[in-house]
Each structure stands twice: as C-alpha cells, then as structure tokens.
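As structure tokens, the structure follows; a few thoughts come after it.
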Amino acid sequence: MSLMPSMIELLARARVDLRMGLPVVLTGEGAAALAIAAESLSGQRLADLRALGAVSLALTARRAETLKVQVYDRDIARIALPDSADRAWVQALADPADDLKSPMKGPFNCLRTGNADLHRLAIALVKSARLLPAVLLVQLNTAKEFAAHHGLTVINHAAATPLLSESSPLHLVAAARLPVEAAKAGRLHIFRPEDGNEEHYAIEIGRPDRDAPVLARLHSACFTGDVLGSLKCDCGAQLRGALTQMGAEGAGVLLYLNQEGRGIGLANKMRAYSLQDQGFDTVEANHRLGFEDDERDFRLGSAILRQLGFGQVRLLTNNPKKIAMMEHAGIKVTERVPLRVGENDFNRAYLATKATKSGHLL
C-alpha cells in the first residue's frame, strides 16, 4: 500500500527519534537490536536497556583511537557496558570535552566475536542525524513484536545501508529572481533531498551559457563564517569573494550546500572548536569526536549542476578533492580557479592544517 512509509522515510523518522532520545529497532540477517544514541540518552532509558539484556557501546575507530580502545571490526569498536557504568560514563566516552581532565576511562571489555553489522548501521544513523557517533545497543529476540508494542521505528540493515551511503536524489522545488550585491541579475534555486535532510541552494549569477564551462563554486554552509563573520576560518571571505568574481565576469553559479562543519553539523563543529581551544588542530579535533577529516558529500553539487543544465565547470576552489569528486560524478572540470582570500592572525594555523593535512592548495 502506498501509504506505508518507504525505507527513505523510515530513515528520516529514525533520525528524529534518535535526536529526541528515542531508541530505534535495527534488524539484520538473523539478528536484531535496540539502539539509542549516547548523546541523547537519559538515565531512565539506560535502565530500561539494561533490563533487556547485555548492553554494548559502539564507537568509531577514530574515537576508539583517542580512548585507547581496541578495534576488532575495522571502522568501529564495540565495548561491553560495565555494570557500574552510568549515563555520565557513557557520555564521557562519546564526548571528548573532558578527555584532558579525565584521560583514563578504562579498562574496557572490547567485543571481538559476533557480527558487527547492526553496530555499524547504528553509527551511520547517528552520524546522519548530526549526533556524536556513539550508540548503545542491546540484542532483541522478537524485534517485530517489540517494535509494534512500543511504537518504535524499525530499520532493516540490507535496505538501509545502501541508502545511507548513497547521495539522496534532489528535486528543484522553487526558484525566483534575487538581486544580490555581486550582481543585480541573480536567481536563487532551492533543491530538496528525498531523505528529509536539509535543503541545498544554487545562486545563479547572470545568464551562464549551458554549452560552455561555467564559473562555479561548491560552498559548504558555515554559519559562523558566512553569517557572523568568524575569523577562525576563511569561509565567509570565500563566499563573498566567489560571488564578487562571478559578478565581475557577469556569470556564474554558487552551490550553497548545507553541510556545516565539513558535514558534522553546527553543534559538533562547536565541539570541535572547543577542542581546538585545548590545543588540537581542526583534523585532530574531528578525529577525537569520532569523525573523519571531512564527512561532506560533494556529489550533491554535481547533481544540482546537472539539473541546472551544466556539464562543465571552471571550479573556484583550493581543494583538489572537490575536483576529483566532480570528475568522478560526471562533471568536467576544465580549470581550477584559485580562491585565496580571508587569511588573518586567527585562522593562519587552521589554513596551514588544511594545506598540510587535507591537501588544500594554499
């Protein structure tokens, strides 16, 4: 029946549930588990989990490295929850804010047997919900009945995993003329993904020729830099510089992708900033939180370009990975146009880290 939710819609529901502190039921081949995000865990729900059986905590290998937790499952670690562990202990493992004050959190009983597929799915889910990548799980024997009785969302591993690794299809929902400082001939296009996540925007300057390489920039949202004028990064300066250059040339398209903090969300970005205040660089801070250097999906940009009728770009970027992603997604990059703006005393070390660790051409 078409009124039943699809897996994409169930994933959107699961993200909301996890953010609100509700558990979700995960099912796989011969296995099922109840999963709840460590970040939004309450004391009562921790007690409820314990009443169901042995509880394990899934962490990414990046976070495990910081905690000196043994990783037996490549990209994730599984820890058996000690009987003495309370909500504060769980959240201390998830959030590195106080790592330097309390560096010793073990010893840990790391699990090395059994299938880790549902733990891996749980981590992918909380990441997509922009939560800290740490999840508590407990095995279930009658998952379908349990979910129905408690009104919980059920996510199947085989159906969900491909969707979480793919780029969600985007649909143009609105467009209108928008004069901007860079050019009076501006037009804003709004694209909405099918998976219920944030919308993305394309700002078209002038009337770019669809048969020629367009001057383009993939710009990831940066509330602190774009809106507040933060001096910790060069994002705001790059945004304004790109639009100014497009206005000077009379044509261009800027793709504004809502992937704050290199794809980890504003809350986690502020957590990373707090870690930077403790002396860690931008890459080290992301790793301590449990994320990779860059969690963004630039395939979104190529999808928008194709829908707008562009197949070739002169890409305004200092990041070679953007060029590789565009080419891989079928958009020809005829030229890399450097965008070196915004360096100051506050972000000099940050820019140096981007150059040395992330390969930016600065």
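Accessible area ranking (1.4 Å probe, heavy atoms, ligands and nucleic acids excluded), largest first, for THR244, THR334: THR244, THR334.
Heavy-atom accessible area with a 1.4 Å probe sorts PHE346, PHE191, largest first, into PHE346, PHE191.
For the stretch 29-109, the per residue solvent-accessible surface stands at 51 Å², with DNA, RNA and ligands left out and a 1.4 Å probe. Taking every full run of DSSP H in the chain, the ones that stretch at least 20 Å from end to end by Cα along their long axis and average -1.0 or higher on the Kyte-Doolittle scale are 235-249. The fraction of accessible area contributed by carbon and sulfur in the chain is 53 percent, rounded to a whole number (1.4 Å probe; ligands and nucleic acids excluded).
Between the entries (1) 68, 48, 39; (2) 67, 47, 47; (3) 65, 55, 31, the label attached to Cα extents along the principal axes in Å calculated for this structure is (3).
Per residue, the accessible area of the stretch 157-236 comes to 51 Å², computed with a 1.4 Å probe over protein heavy atoms only. Per residue of the chain, the DSSP helices (runs of n ≥ 4 H) give a summed -39500 (n - 2.57) that works out to -11000 deg cm²/dmol at 222 nm.
Using 0.36 nm per residue and subtracting the Cα-Cα separation, the extra length available between GLU327 and ARG240 on full extension is 28.8 nm. Label separation (GLU181 vs THR334): 3.0 nm, computed from points 7 Å beyond Cα along the C-beta direction. Per-residue extension of 0.36 nm, minus the Cα-Cα distance of GLU343 and SER167, leaves a gain of 60.1 nm for this segment. Taking packing as the residue-averaged number of other Cβ atoms within 10 angstrom, the listed peptides 192-205, 141-154 run from highest to lowest as 192-205, 141-154. For the stretch 105-135, backbone nitrogen atoms closer than 19 Å to the point 7 Å from TYR72 Cα along Cα-to-C-beta are found at 106-123, 135. Distance from the Cα centroid of the stretch 3-34 to that of the stretch 93-114 is 27 Å (rounded to whole angstrom). Bridgeable lysines around LYS332 (alpha carbons under 30 Å apart, same-chain partners fewer than 8 residues away excluded): LYS184, LYS321, LYS322, LYS354, LYS357.
The values are calculated or read from the model by the stated rules, or taken from the named source; none is laboratory data. Just so you know, these numbers come straight off a predicted model, no measurement behind them. Every residue, glycine as well, gets a Cβ built from its backbone with ideal geometry; the counts of neighbours run over all protein chains shown. Heads up: the accessible areas ignore ligands, DNA and RNA and are worked out on the full protein's heavy atoms, side chains in. Shrake-Rupley method; radii C 1.70, N 1.55, O 1.52, S 1.80 Å.
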